[in-house]
1. Helix 459-472 against the longest principal axis of the chain: what's the angle in degrees, Cα atoms only, rounded to the nearest 10?
2. By counting other Cβ atoms within 10 Å of each Cβ, how are 399, 164 ranked from fewest to most?
3. If I fit a long axis through the Cα atoms of helix 407-420 and take the longest principal axis of the Cα atoms of the chain, what angle between them do I get, 0 to 90°, rounded to 10?
4. If you project the alpha carbons of the range 389-522 onto the principal axes, what extent comes out on each, in Å, largest first?
5. Place the peptides 106-115, 476-485, 289-298 in order of packing, highest mean first, counting for every residue the other Cβ atoms within 10 Å and averaging per peptide.
6. Let me know the volume per residue of the alpha-carbon convex hull for the range 320-431, in Å³.
7. How do 217-230, 22-35 rank on mean C-beta neighbours within 10 Å, highest first?
8. Can you tell me the length gained on complete extension of the stretch residue 85 to residue 176, counting 0.36 nm per residue apart and subtracting the Cα distance?
């Protein structure tokens, strides 16, 4: 172990390689500058008492030292850096750019967002030639990366709807070998398309052309088999659960599809390490400690939103972040927790444990957001949200019963929020991949199994976990289903159909060794 915050050697190496560490910084310096930046808004904007704010900061420092919690890597990278004064702390954005315009106009909008070190989402539905635009944007990402002006990898997602006239070309666009990609791609589908595939029916494209659904489906599966792309996304499912449709429908997502976004929208991520809450002496999860950490994390993420609201590149994003104040509390260390509890990944008991934990985090993050709104006010667009019209929380989560949170808890909380008009954040939970943030806590990634075990755990068992998770969070689940290189085309097709019939809002699969450049050798 090294440093006052107990970061491991591996964690420090990741911080150096990922440019989270500034020149001549120690890991302790990173945490100090980040928390100094975030908590500075409490006095200047929210007029918190210095003693109250100082206690909260010291408490959060202790949680980081205990490896209970960490913030998203863009926050750690940007906050308080000497040359990063105009950089937001958010994790992802739907860049508000008209892709039908000329490349110079597109560059002027995109590059300032790239400099924020956020992951970016795009929708290609309005462009005539989505493959051309995909390649233009990918080449832009490559060129910008070559300047070495960026602290993080430029990661993007491009989404195209299933009824676009150029859907077939887009599906096969990443089959080009020996090309470096800064883009994930996903196809926005709907239940009607899935039914058409099952019944060997036709779909109608926007230009009136009829296309055999199963033929298109097979092209999707073939491309997935050879390169892992495209993924599938259900934007209609995301929008069905979107409590603030008045400001617009989700058109894209974060690069790993864990959160829906409207043009200009951003989200702020933080992670709790589930393993750190396991009490070995009592052989049980310390839910009181988990509640305390979640409650404070909501406050910290809201502070970060306030800081970002003044420095985002466009007025559109600055207005949206205040109108929504969207945060996403994610998790890591789930595989670690299962190991210490001796519970097999994908078993019924593992699903029950995950459901209990995620519902608990979701509920108490909403309680914290309600309490926070009593002093700071609600998100700007509360009065046109579903929270103001009916008991949204009961409708969304009342059917899930756990030992700690029952239907009556959701009913009472929802009624309080509706009656008082007080909720600080439109959403509070999502399941991003956690990436480097998990490594800093020496924790396993998100809700994923160990990489050493992943090819011995069937995708069907992984699907059980993902299905449970999708039911328990506001946004979505970043989950790539990793399978053996011997997994067949027909097996992928069958699995994708099963995934479409689940509660998932998106699905992506990677067949081992299907790409020469593979981040991890499974």
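Read the figures in this text as sums done on the coordinates, not as results from a lab. The structure presented is a predicted model; accordingly, all values stated were derived computationally and were not measured. For neighbour counting, all protein chains shown are included, and Cβ atoms are generated from backbone atoms with ideal geometry for every residue, glycine included.
1. Helix 459-472 sits at roughly 50 degrees to that axis.
2. Values: 399 10, 164 21.
In increasing order of surrounding Cβ atoms, one gets 399, 164.
3. Its long axis makes an angle of about 80 degrees.
4. Projected onto its principal axes, the Cα set of the range 389-522 covers 56, 36, 26 Å.
5. Values: 106-115: 17.9, 476-485: 22.3, 289-298: 20.2.
For the peptides 106-115, 476-485, 289-298, the packing ranking is 476-485, 289-298, 106-115.
6. Numbers: hull volume 11.8 nm³, N = 112.
Per-residue hull volume (Cα only) is 105 Å³.
7. On the way: 217-230: 20.1, 22-35: 16.9.
With the highest mean Cβ count within 10 Å placed first, the list reads 217-230, 22-35.
8. Working: separation 91, 0.36 × 91 = 32.76 nm, distance 3.93 nm.
Full extension of this stretch gives 28.8 nm more.
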